[in-house]
1. Order the peptides 22-33, 281-292 from the highest to the lowest mean number of other Cβ atoms within 10 Å of their residues.
2. What's the whole-number percent of alpha carbon pairs in the range 144-256 lying beyond 17 angstrom?
3. If you line up the long axis of helix 20-30 against the longest principal axis of the chain, both from Cα atoms, how many degrees apart are they, to the nearest 10?
4. Where in the range 199-228 does the label zone of GLU171 land, with the point 7 angstrom along Cα→C-beta and an amide N cut-off under 13 Å?
5. Please work out which option in (i) 32.9; (ii) 23.6; (iii) 28.6 gives mean projected area of the Cα convex hull in nm² calculated from these coordinates, and answer with its label.
6. Net charge near LEU408, counting Lys/Arg +1 and Asp/Glu -1 over other residues with Cβ under 12 Å of its Cβ?
7. Through the Karplus equation 6.51 cos²θ - 1.76 cosθ + 1.60, θ set to phi - 60°, convert the phi angles of the range 153-166 into ³J(HN,Hα) values in whole Hz; use x for Gly and Pro.
8. Count the net charge of all other residues whose Cβ sits under 13 Å from the Cβ of LEU202, scoring Lys and Arg as +1 and Asp and Glu as -1.
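Values in this text are rule-based calculations from the coordinates and carry no lab data. Being a predicted model, the structure only gives us computed values, none of them experimental. Glycine also receives a Cβ, built like all others from the backbone with ideal geometry; neighbour counts cover every protein chain displayed.
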Amino acid sequence: MGAIDRIEFSDEKVTAWGGMQLMKQLLDKSGVREKLNDLALPERVSNRSYASSQIVECFWTSIWIGAGRFSHSSYLRYDDVLKKIFGWSEAPSQSTYSRFFNKFDWKRNEAIFAPLQEWFFNQIQFDNLTLDLDSSVITRYGEQQEGAKKGYNTKKPGRLSHHPLMAFIPELRMVANAWLRPGNTGALSNAENFLDETLHVLGNKKVGLVRCDSGFYGEKFIQKLEGRGLNYVIAVKFYPTIKEAIRNQKKWVQTKDGVEVCEFEYQATAAIKPRKYIAVRKNIRILTKATGKLLLFEEEQIQTFRYSVYVSNVDLPAEHIWNIYKHRADAENKIKELKYDFALDSFCVKNFWGTEAAFRMIMMAYNLMALFRQICLQSKKQNTLNTLRFKCFALGAWIAQHSRITTLKISAIGEKRRWLDALFDIIPQKSPPFHFPNA
């Protein structure tokens, strides 16, 4: 006789996501639902249709529990306990989400997302931050998505794609701003306006440093940063004149085994002022996995070094500037998390501005989860959403009612029960502006 002798079904309403009560508490404390109601979201067409703020809230929740496309988001329709947790009588279908996002246009996006992000960062107490600017490629499949164009796409050459622009705040592990752009757009396209909006979103908070990869290396953008009085470190593209400048450098200083740096002044043309450049070269015979560009100069018989070059106005030694820039690599990890855990590249509608609206709503879902990690978990180790699903949110639960009191009963024992009990006590004690102890 086996361990299971019979299978029976029950009408008892249960959920696999009892831990979502934590996010419900956070949404209530943040006041984000009230803010959504103040924004120019598409209006409901009848009393029977869903409020726009509820559609957004359902969209966020579906992403947090693992939805990878709009059809997955309709799972909420069948989870009565989860609907009860959030106070929804019903949840939208796949077609409701598609119709909702297809109502967005350029004006509506402009009127919603910058004010929403500005309001959000006003709820957080912090200052003197770093901005990491980056772009990415989102491959699209099919022929119907507006703005999906053939452009730079290393993983899927020739495929249609979108080319988003993003700004990250590493100290908060949040997204400061994000725009979706057509796939044939260059990294620097509209970067100056994007920077202006990002700084507006952050209000009077001081930006101490801007870090960018080589896609942002351009005179106009650098002048924009300098005009704003911002410190910057930008990776440099290897134009022939840059290669020649590197070749002429003689004062290399070894910082550690296999790594040398030098600092030099470089002026591209007479019309451009000279700036400080930092070159780093790594000996590939010693550091076999070194990153950087391979350059073979005439006097070399074999390639020996990989090179990286940066331009900066930061008044620090070359080695320190290089070390400052290396931390920008965390932006790549954030993009990976957004794609793998938040399905950033999967929610798409025919209308370009509707796709951008879904894209920017996902960024808000990411920030709300980052807020949860900071004020509730208060750990320097930042678990990904995929880890948090199993650690905090995937909890079997059901609802019981007795003497007019509604109780969410969660299945947990031992240390896990005590740990969860403490988590549920943290958020009710918090209120905006939220302070980040680990930022």
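1. In descending order of packing, they fall as 22-33, 281-292.
2. When every Cα pair of the range 144-256 is considered, 66 percent fall beyond 17 Å.
3. 70
4. 204-210
5. Correct label, based on the coordinates given: (iii).
6. +4
7. 8, 5, 7, 10, x, x, 7, 5, 7, 10, 10, x, 10, 9
8. Result for the local shell: -2.
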